[in-house]
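First up is the structure itself, then whatever we jot down about it.
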Amino acid sequence: YDSGEYTLVRRRKLDFTEIKERAQGYFNEKIACVEDFLIAHDSLFKLDRYKRAAFQLHQATENLLRAVSLVYILYSPKNHNLDELIRSCKAYTTELCKAFPRNTPEEERLFDLLQRSYIESRYNPNFEITKADINTLLTKVEQLKQIVEKVCRERFDCYDKRIHATKSGK
């Protein structure tokens, strides 16, 4: 229905300054969320509430993966499946696999625990995760955070170069 009272703005390509501003905003928001989830994880871990701590680690991981796609393409799929999020991020960087390699049965088990914690930590009374598993997963999430910050900084540098090139007419 078109009442004629309003005119929609035409779609247009963003310039690199706008892209970087949006990407930086998304990144800042996701990293703030990650910090909050890690604070919540720490509090729950200290109370020996490992299932709920695992959920917080899942959320931190999910937000880190979303940050990558938001910085690269200003979009993130609405999905909670970590495996699918990692696969979608591989188009931009393969470095994320360093935090969660799945070359051994133990690495696969740990990733599966983290993946399952999204649902099962909240709804399955029989879901179990140990203190040792939480400690190992926390190390992996912290490594992922470092990788995400690095690849996003590299992308911001790329945007800066494109902005500079555009301004200098190259």
### Message
Rounded, prolate or oblate for segment 51-131? Axes are the square roots of the Cα gyration tensor eigenvalues, ordered a ≥ b ≥ c, and the cut-off for rounded is a/c under 1.5.
### Response
oblate
### Task
Starting from the Cα-Cα distance between K13 and N126, subtract it from 0.36 nm times their residue separation and give me the gain in nm to one decimal.
35.6 nm
### Task
Please give, to one decimal in nm, the separation of the simple spin-label points placed at R22 and E5, each 7 Å out from Cα toward the Cβ.
2.8 nm
### Query
Regarding segment 1-74, what is the average projected area of its C-alpha convex hull, in nm²?
7.7 nm²
### Task
Kindly flag which residue pairs out of K90/K131; K30/K90; K46/K145; K13/K167; K98/K167 have an alpha-carbon separation exceeding 28 Å in this structure.
K90/K131; K98/K167
### Task
For segment 130-170 and segment 35-54, write down the distance between their C-alpha centroids in whole Å.
24 Å
### Task
Would you mind telling me the share, in percent, of accessible area of segment 1-147 contributed by carbon and sulfur at probe 1.4 angstrom?
50 percent
### Task
Give the angle, between 0 and 90 degrees and rounded to the nearest 10, that separates the Cα long axis of helix 16-46 from the longest principal axis of the Cα atoms of the chain.
20 degrees
### Task
Quote the charge dipole size of segment 71-163 about the Cα centre in Debye, to the nearest 20; the model charges only the Cβ of Lys and Arg (+1) and of Asp and Glu (-1).
340 debye
#### Entry: Karplus-derived 3J(HN,Hα), 6.51/-1.76/1.60, for each residue of segment 149-160, Hz, glycine and proline x
4, 5, 5, 6, 4, 4, 5, 4, 4, 4, 4, 4
### Query
If one takes the longest principal axis of the Cα atoms in the chain, at what angle in degrees, from 0 to 90 and to the nearest 10, does the Cα axis of helix 105-123 lie?
80 degrees
### Calculated diffusion of the chain, Stokes-Einstein form, Kirkwood radius summed over Cα pairs, 25 °C and 0.890 mPa s, µm²/s
139 µm²/s
### Query
Given Cα pairs under 8 Å that are at least 6 residues apart, what percent is the relative contact order of the chain?
29 percent
### Task
Leaving out ligands and nucleic acids, note down the accessible area per residue over the chain with a 1.4 angstrom probe, in whole Å².
62 Å²
#### Entry: Charge context of H80, other residues only, Cβ under 13 angstrom, K/R +1, D/E -1
0
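The values are calculated or read from the model by the stated rules, or taken from the named source; none is laboratory data. All of these numbers come straight from a predicted model, not from anything done at the bench. Ideal geometry is used to build each Cβ from the backbone, glycine not excepted, and the neighbour counts take in all protein chains shown. For accessibility, only protein heavy atoms count, side chains too; no ligands or nucleic acids. Shrake-Rupley method; radii C 1.70, N 1.55, O 1.52, S 1.80 Å.
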